[in-house]
Amino acid sequence: MSIKINQEKCVGCLSCILVCPGSLIKEKDGKAYIKYPKDCWGCASCVKECKVCAIDYYLGADIGGNGSKLNVSYEGDILHWNITKGDGSVLVIDVNSKDSNQY
Ligand code: SF4
Ligand code: SF4
């Protein structure tokens, strides 16, 4: 697992830095970056935290990732977990954040 931060989309809110359990994400010139993506633990916390969909999470081969990536976009209380597969097809899983404590 690893992530990639899109510098064009990043607005420098630095929320991802605060939630990364491995302190892997750093800030430079008002943008977040990850120096050693291979050290990523794969927790997806930063992906969920980014409100501007700037972080892509690459799904590993061990779970059948096959070139797939995941990111999150927001629409009010709804989180769209967007999975773009290696063949370009997209699967979206919607989760209402207000329901998150029900499970
Ligand atoms: S959470 Fe998103 S916008 Fe905020 S610093 Fe991280 S990558 Fe940039
Ligand atoms: S997925 Fe988790 S461990 Fe990896 S960079 Fe994001 S917050 Fe850190």
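Some notes on this structure:
- Calculated diffusion of segment 1-54, Stokes-Einstein form, Kirkwood radius summed over Cα pairs, 37 °C and 0.692 mPa s, µm²/s: 301
- Those Cys residues of the chain for which no other cysteine Cβ falls under 4.7 Å: Cys10, Cys13, Cys20, Cys40, Cys43, Cys50, Cys53
- Computed [θ] at 222 nm, helices only, for the chain once each DSSP H run of length n ≥ 4 contributes -39500 (n - 2.57): -2000 deg cm²/dmol
- Accessible-area composition of the chain, carbon plus sulfur, in percent [1.4 Å probe]: 51
- In the context of the full protein assembly, Lys69 retains an accessible surface of approximately 70 Å², using a probe radius of 1.4 Å and ignoring ligands and nucleic acids.
- Alpha-carbon radius of gyration plus Dmax, which is the widest Cα pair, for segment 1-97 in Å: 13.0, 36
- Within segment 61-103, the proportion of Cα pairs with more than 15 Å between them is 50 percent.
- Normalised by the number of residues in the chain, the mean separation of alpha-carbon contacts (under 8 Å, six or more apart) gives a relative contact order of 21 percent.
The values are calculated or read from the model by the stated rules, or taken from the named source; none is laboratory data. Everything quoted here is computed from the prediction, not taken from an experiment. Virtual Cβ from ideal backbone geometry, glycine too; neighbours counted across all protein chains shown. Surface areas here come from the heavy atoms of the whole protein model, side chains and all, with no ligands, DNA or RNA. Shrake-Rupley method; radii C 1.70, N 1.55, O 1.52, S 1.80 Å.
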